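Before any comments, here is the structure.
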Amino acid sequence: MRVEELLVDRLIELYCDWRTACGEVRDAYERFCRACAADRELAFAAYAAALDREQSACEDYAGQIRVIAAGHTHRGDRARLRQAYGC
């Protein structure tokens, strides 16, 4: 397998991790909204933790995009990269 293929495979994996984390944020927020007064503080803490995990996953995904973009930029292939990412 070529290095580019491995980088893209990792990108897809990180994207899936990020989207999973987004769903967990949505679920945690819904639980927070439905929580009774006695459970709200704990539900909010769980929501905040889910947001932190989502941010981390997003940063990992963005970092992988930068790695791939840097490789293409060095080869002067900006047009293909822009087309692939819709930029």
* Which one is surrounded by the fewest Cβ atoms within 10 Å (Cβ to Cβ) among residues in segment 42-57 that are within 13 Å of R26 (Cβ to Cβ) and of a type outside the set (G, A, S)? -> L51
* Consider E54 carefully, then state whether it is over 24 Å from V3 (Cβ atoms), part of a helix (DSSP H, G or I) and either aliphatic (A, V, I, L, M) or at pLDDT 95 or above (or both). => yes
* Asked: Checking E30 against (1) in a helix (DSSP H, G or I); (2) modelled with pLDDT under 95, which test does it fail?
  -> (2)
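The values are calculated or read from the model by the stated rules, or taken from the named source; none is laboratory data. Computed from a prediction, not measured in an experiment: that's the story for all the values here. Please note: Cβ atoms are built from the backbone with ideal geometry, for glycine as well, and neighbour counts cover all protein chains shown.
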